[in-house]
Amino acid sequence: MTSLDLALIQDAYAKLRPIVHQTPLFSNRLLSQLTDCDLYLKAENLQITGSFKIRGALNKVSAVAQTNASGVVTGSSGNHGQAVAWAARFMHLTAQIVVPTTAPAAKVEAALSYGAQVEYCGTTSHERLERAQQIAKDTGMTFVPPYDDPLVMAGQGTIGLEILEQRPDVQTVLIPIGGGGLISGIATAIKSLRPDIRVIGVEPLGAAKAYQSRQAHARITLPSTDTIADGLKSLALGTQTYPIIERLALCDDLVHNVTMTITLVDPRSLHLII
């Protein structure tokens, strides 16, 4: 079974670098003054499909394409679905995306524009992921997890390699937590090369599954979530992301009361703060 490590992330970087954007780190004077540090934003909103998700999706879908699969299917609140749709078109595969009934129309329209079929199902991540897995079973399409997969995590981890190239003097990296794929990949990359750098996870107070899991010393599934950050609404960390986060990120710190962060930066576009 493939496991996440630095070599897998470096392989993903070599594969993705000619295709995806190396997004800039922007300094912000106001935020730097408020936090009393030199603060930079990793602008993954300028990435293909508008989020970091293309990194993991393309890394996974390109591997699926090598197996002669006919198509891919996933469940997503929007960003991962768009990314899988784009990656499938790029790799000449069909794609089907299961989205919640509350999915933003712009994200659904984007997935459709990339040639994917879209199906609505429920409002929670569990509902759409279960439906996507059932479609994969019924049709023979390959399920592409939004976060709980080593190749997906490795793709997201390429952000960590970019950060180290762009700001080798970085001391602390803050990363939002949804299902945990982004922080698992970035933390693995950074801690493998620079264990002295602090990696801190950030999540909304109304979706604090990582914080509660740390407090319970076990992977917790929330009964519900309450946050406008639709990309961070996962009810639980992944079975594969949880132990990575526990080992590499939660040992440093975990912030679940992010009132100041939400006030200063729209969490729907927040991808990384250093």
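The values are calculated or read from the model by the stated rules, or taken from the named source; none is laboratory data. If you're wondering where the values come from, they're calculated on a predicted model, not measured in any experiment. When we count neighbours, we look across all protein chains shown, and the Cβ atoms used for this are built from the backbone with ideal geometry, even at glycine. All accessible areas refer to the heavy atoms of the entire protein, side chains included, with ligands and DNA or RNA removed. Shrake-Rupley method; radii C 1.70, N 1.55, O 1.52, S 1.80 Å.
Go over the candidates Asn68, Asn59 one by one and state the one that is in contact (Cβ under 8 Å) with a residue 12 or more places away in the chain and polar (S, T, N, Q).
The match here is Asn59.
Filter the stretch 166-187 down to residues that are assigned to a helix (DSSP H, G or I), open to solvent by 10 Å² or more (accessible area, probe 1.4 Å) and within 17 Å of Arg55 (Cα to Cα), then give me how many there are.
1
Can you pull out the residues in the stretch 192-212 that are open to solvent by 10 Å² or more (accessible area, probe 1.4 Å) and within 27 Å of Val108 (Cα to Cα)?
Those that are open to solvent by 10 Å² or more (accessible area, probe 1.4 Å) and within 27 Å of Val108 (Cα to Cα): Val202, Leu205, Gly206.
Can you tell me which residue within the stretch 128-149, out of those that are outside any helix (DSSP H, G or I) and of a type in the set (A, V, I, L, M), is nearest to the chain's Cα centre (by Cα)?
Checked the stretch 128-149; the qualifying residue nearest to the chain's Cα centre (by Cα) is Val144.
Any idea which residue in the stretch 213-228 is least open to solvent (accessible area, probe 1.4 Å), counting only those that are farther than 15 Å from Thr239 by Cα and touching a Leu at 6+ places or on another chain (Cβ under 9 Å)?
So the residue we want is Thr227.
Among (1) in contact with a helix residue (DSSP H, G or I) (Cβ under 7 Å, 6 or more places away or on another chain); (2) over 27 Å from Thr74 (Cβ atoms); (3) basic (Lys, Arg), where does Arg219 come up short?
Only one criterion is unmet by Arg219, namely (2).
Mind listing whichever residues of the stretch 37-53 are in contact with a strand residue (DSSP E or B) (Cβ under 9 Å, 6 or more places away or on another chain) and farther than 9 Å from Leu25 by Cα?
Selection gives Cys37, Asp38, Leu39, Phe52.
I'm told Ala110 meets every condition in (1) within 25 Å of Ala229 (Cβ to Cβ); (2) in contact (Cβ under 8 Å) with a residue 60 or more places away in the chain; (3) more than 17 Å from the chain's Cα centre (by Cα); (4) open to solvent by less than 10 Å² (accessible area, probe 1.4 Å) except one. Can you identify the failing condition by its number?
(4)
If the requirement is being within 14 Å of Leu25 (Cα to Cα) and either of a type in the set (Val, Ile, Thr) or under 10 Å from the mean Cα position of the chain (by Cα) (or both), which of these qualifies: Ile190, Ile183, Ile159, Ile177?
Unique residue meeting the criteria: Ile159.
Hey, could you check the stretch 52-77 for residues that are of a type outside the set (A, V, I, L, M, F, W, C) and surrounded by fewer than 23 Cβ atoms within 10 Å (Cβ to Cβ) and say which is farthest from Asp169 (Cα to Cα)?
My answer is Ser70.
Output the qualifying pairs, or none if there are none: Cβ atoms under 7 angstrom, residues six or more apart or on different chains, first residue in the stretch 212-237 and at pLDDT 95 or above, second residue of a type in the set (Phe, Trp, Tyr).
Close Cβ pairs satisfying both conditions: Arg219/Tyr242.
Which ones in the stretch 112-127 are in a loop (DSSP other than H, G, I, E, B) and touching a helix residue (DSSP H, G or I) at 6+ places or on another chain (Cβ under 7 Å)?
Once the filter is applied, which keeps residues that are in a loop (DSSP other than H, G, I, E, B) and touching a helix residue (DSSP H, G or I) at 6+ places or on another chain (Cβ under 7 Å), the stretch 112-127 yields Tyr114, Gly115, Ala116, Cys121, Gly122.
Just give me the residues in the stretch 113-135 being free of Cβ contacts under 8 Å to residues at least 40 places away in the same chain and either touching a Leu at 6+ places or on another chain (Cβ under 9 Å) or among the basic types (Lys, Arg) (or both), in sequence order.
Listed by number, the list holds a single entry, Val118.
Counting only residues that are crowded, with 18+ Cβ neighbours inside 10 Å, touching a strand residue (DSSP E or B) at 6+ places or on another chain (Cβ under 8 Å) and in contact (Cβ under 8 Å) with a residue 40 or more places away in the chain, which one in the stretch 78-102 is nearest to Gly140 (Cα to Cα)?
Only one residue fits best here, namely Gln96.
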